[in-house]
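Worksheet: the structure to be examined is printed underneath.
None of the figures in this text is laboratory data; all of them are computed from the coordinates on show. Bear in mind the structure is a predicted one, so any value in this text is a computation, not a measurement. Note that each Cβ is placed from the backbone with ideal geometry, even for glycine, and that neighbours are counted across all protein chains shown.
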Amino acid sequence: MLNSDDLQIRWWKLEETLMARFGKKPDVESILYLIGIQELGDIRKKFSKEQKQDLMHVAVCTVLSPSGYYEMSGVDEDGWPHFKQLKAMPDMPPIVQENFLKDHILLYFQNHELI
């Protein structure tokens, strides 16, 4: 992970890009939700509360996959990706964990040439 000042600057740029696209400032959960929709490939108007949680889980697994925490194990009959956990997340204080996740989200957007 890069130093926290650089991370914060890169995060603000991502927020700015998404704000221009969607008209409001996204939080981490909203960004994970968007990644989940992107990975599912199903842009429907409504998801149930459980499906929204599943989308965020798909996003977390997806963004942490490059670091070896998860790997995709397949797709079910409804097109939902499933993951296998390869290693446990290290214990981190909440702010460190949030920055760890933000860094992986930024890497996802860079790898998919979305920013």
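By the combined test of axial Cα extent (at least 24 Å) and Kyte-Doolittle hydropathy (mean at least -0.5), the qualifying DSSP H helices of the chain come to 94-111. Only one residue of Ser30, His82, Leu55 has its Cα farthest out toward the positive end of the dipole of the chain, where Lys and Arg carry +1 and Asp and Glu -1 on Cβ, and that residue is Ser30. Projecting label points 7 angstrom from Cα along Cα→Cβ for Asp42 and Ser65 puts them 1.7 nm apart. Of the GluC sites (Glu not before Pro) found in segment 1-102, those in coil by DSSP whose Cβ has at most 15 other Cβ atoms within 10 Å are Glu77. Residue separation of Phe22 and Leu86 scaled by 0.36 nm, minus their Cα-Cα distance, works out to 19.6 nm of gained length. Placing +1 on each Lys and Arg Cβ and -1 on each Asp and Glu Cβ, with no other charges, gives segment 4-111 a dipole about its Cα centre of roughly 360 debye.
The Cα trace of segment 1-64 gives Rg and Dmax of 13.0, 38 Å, the first to one decimal, the second as a whole number. For Leu7 and Val75, the difference between the fully extended length at 0.36 nm per residue and the C-alpha to C-alpha distance is 21.2 nm. Of the trypsin sites (Lys or Arg not before Pro) found in segment 6-115, those in coil by DSSP whose Cβ has at most 10 other Cβ atoms within 10 Å are Lys24, Arg44, Lys45, Lys46, Lys87.
Working from label points 7 Å from Cα in the Cα-to-Cβ sense, the Glu15 to Ser30 distance is 1.0 nm. With neighbours defined as other Cβ atoms within 10 Å of a residue's Cβ, the residues Ser67, Ser73 order from fewest to most as Ser73, Ser67. With K and R counted +1 and D and E -1, the other residues having a Cβ less than 11 Å from that of Gly36 yield a net charge of -3. Checking the a/c ratio against 1.5 first, then a/b against b/c, what shape does the Cα gyration tensor give for segment 58-115? Note, shape of segment 58-115 comes out oblate. Note: the chain, Cα convex hull, 118 Å³ per residue.
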